[in-house]
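Below you will find the structure I want to go over with you.
The values are calculated or read from the model by the stated rules, or taken from the named source; none is laboratory data. The structure presented is a predicted model; accordingly, all values stated were derived computationally and were not measured. As a convention, Cβ positions derive from the backbone with ideal geometry for all residues, glycine included, and neighbour counts pool all protein chains shown. Just the protein is used for accessible areas: all its heavy atoms, side chains included, with ligands, DNA and RNA removed. Shrake-Rupley method; radii C 1.70, N 1.55, O 1.52, S 1.80 Å.
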Amino acid sequence: MLSQASDVSLFELSMRVALGELVVVDGPIPCARVGWRFILQPPTSARRVVSIEGLDRLAKCPGVKIVLVNRAPGESVDWREETGQYIYSVSGWPRTTTEY
């Protein structure tokens, strides 16, 4: 989410720490936009994904940057396995005035 809202990559920072570099973040990181993520969880009664429709249209919506399918039609789901069982996720950030 931070990389969607700013130019800072937590992955890059964590790799630098893993390599033994001293990483200093001086105060809150300035964010030029708001990053968001929507995750579709199956209902507790669901046992299998029957179909997923409309993701191609969703991917074309303004501000949508990533559509990721986690469970394809035919795959099983089990709510007891927690959030890893989500069907799909959509993330992005609002368009800027230069993207209109």
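Would you confirm, using the coordinates I've provided, whether residue 33 is touching a residue at least 60 places away in the same chain (Cβ under 8 Å) and either touching an Asp or Glu at 6+ places or on another chain (Cβ under 6 Å) or assigned to a loop (DSSP other than H, G, I, E, B) (or both)?
The answer is yes for residue 33.
For region 1-30, how many residues meet the condition of being part of a loop (DSSP other than H, G, I, E, B), at pLDDT 90 or above, open to solvent by 70 Å² or more (accessible area, probe 1.4 Å) and of a type in the set (A, V, I, L, M, F, W, C)?
3
For region 36-51, which positions are of a type in the set (Lys, Arg) and assigned to a loop (DSSP other than H, G, I, E, B)?
If the condition is that a residue be of a type in the set (Lys, Arg) and assigned to a loop (DSSP other than H, G, I, E, B), then 47 is the only one that fits.
Please go through region 63-88 and pick out each residue that is at pLDDT 95 or above and more than 17 Å from residue 47 (Cβ to Cβ).
67, 68, 69, 88
Looking only at residues in region 74-88 that are part of a loop (DSSP other than H, G, I, E, B) and acidic (Asp, Glu), which one is most open to solvent (accessible area, probe 1.4 Å)? Reasoning before the result, please.
Filtering region 74-88 for residues part of a loop (DSSP other than H, G, I, E, B) gives 74-75, 77-78, 86-87.
Still in the running and acidic (Asp, Glu): 75, 78.
Working: 75: 75, 78: 33 Å².
So the residue we want is 75.
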